[in-house]
1. Determine which single condition ILE26 fails, assuming it passes every other condition in (1) out of contact with any Leu (no Cβ under 6 Å at 6 or more places or on another chain); (2) β-branched (Val, Ile, Thr); (3) free of Cβ contacts under 8 Å to residues at least 60 places away in the same chain.
2. Answer yes or no: is there a residue in region 38-49 that is modelled with pLDDT under 95, of a type in the set (S, T, N, Q) and surrounded by 14 or more Cβ atoms within 10 Å (Cβ to Cβ).
3. Select from region 31-60 the residues that are in contact with a helix residue (DSSP H, G or I) (Cβ under 7 Å, 6 or more places away or on another chain) and not basic (Lys, Arg) and write down the one among them that is nearest to VAL71 (Cα to Cα).
4. Those residues that are free of Cβ contacts under 8 Å to residues at least 12 places away in the same chain and either touching an Asp or Glu at 6+ places or on another chain (Cβ under 9 Å) or surrounded by 10 or more Cβ atoms within 10 Å (Cβ to Cβ) (or both), I need them from region 1-16; list them, please.
5. With the checklist (1) closer than 30 Å to LYS79 by Cβ; (2) at pLDDT 90 or above; (3) not charged (D, E, K, R) in hand, flag the one item MET3 doesn't pass.
6. Looking only at residues that are aliphatic (A, V, I, L, M), surrounded by 14 or more Cβ atoms within 10 Å (Cβ to Cβ) and without any contact (Cβ under 8 Å) to a residue 40 or more places away in the chain in region 51-88, which one is nearest to ILE2 (Cα to Cα)?
7. Just for helices (runs of 4 or more DSSP H) wholly inside the chain: which have at least 1 residues that are of a type in the set (S, T, N, Q)?
Amino acid sequence: MIMRKTVYFLLIAISILGTLVTPYGIVNTMVSLKYETENINDCVSNVNGINLCDTIRNLKIIFVFCLVLLVFLIYFRKKILNPKSNAE
């Protein structure tokens, strides 16, 4: 039971951290997209050659996943932390 509670709160903390950090990463990558490319439609950085559009898309996916995980964990909190045992 203690291990289940530890994993639960660890997942809550990771998902909260993910929902707070990924918007910063998206804004940071958008600034890089503005200043490290020559045209507005270019996605590849002139500085390091990374595809910035893919990075923004991946960060958006991570943000949505962390948000959905957080809502799921909060909504099913009682079922996760207090499972009914069949040995009654």
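The values are calculated or read from the model by the stated rules, or taken from the named source; none is laboratory data. Treat the numbers as computed from the prediction; the structure is a model and nothing was measured. Quick reminder, even Gly has a Cβ in these numbers, built from the backbone with ideal geometry, and neighbours come from all protein chains shown.
1. Among (1) out of contact with any Leu (no Cβ under 6 Å at 6 or more places or on another chain); (2) β-branched (Val, Ile, Thr); (3) free of Cβ contacts under 8 Å to residues at least 60 places away in the same chain, ILE26 violates only (1).
2. yes
3. Ranking the candidates gives LEU59 first.
4. Those that are free of Cβ contacts under 8 Å to residues at least 12 places away in the same chain and either touching an Asp or Glu at 6+ places or on another chain (Cβ under 9 Å) or surrounded by 10 or more Cβ atoms within 10 Å (Cβ to Cβ) (or both): THR6, VAL7, PHE9, LEU10, ALA13.
5. MET3 satisfies all of (1) closer than 30 Å to LYS79 by Cβ; (2) at pLDDT 90 or above; (3) not charged (D, E, K, R) except (2).
6. Kept after step one, since they are aliphatic (A, V, I, L, M), are these residues of region 51-88: 52, 56, 59, 61-62, 64, 67-71, 73-74, 80-81, 87.
Okay, now just the ones that are also surrounded by 14 or more Cβ atoms within 10 Å (Cβ to Cβ), so 52, 56, 59, 62, 67, 69-70, 73, 80.
When the remaining residues are screened for being without any contact (Cβ under 8 Å) to a residue 40 or more places away in the chain, the result is 52, 56, 59.
On the way: LEU52: 42, ILE56: 37, LEU59: 32 Å.
Within region 51-88, the match that is nearest to ILE2 (Cα to Cα) is LEU59.
7. The helices (runs of 4 or more DSSP H) meeting that bar are 2-35, 52-75.
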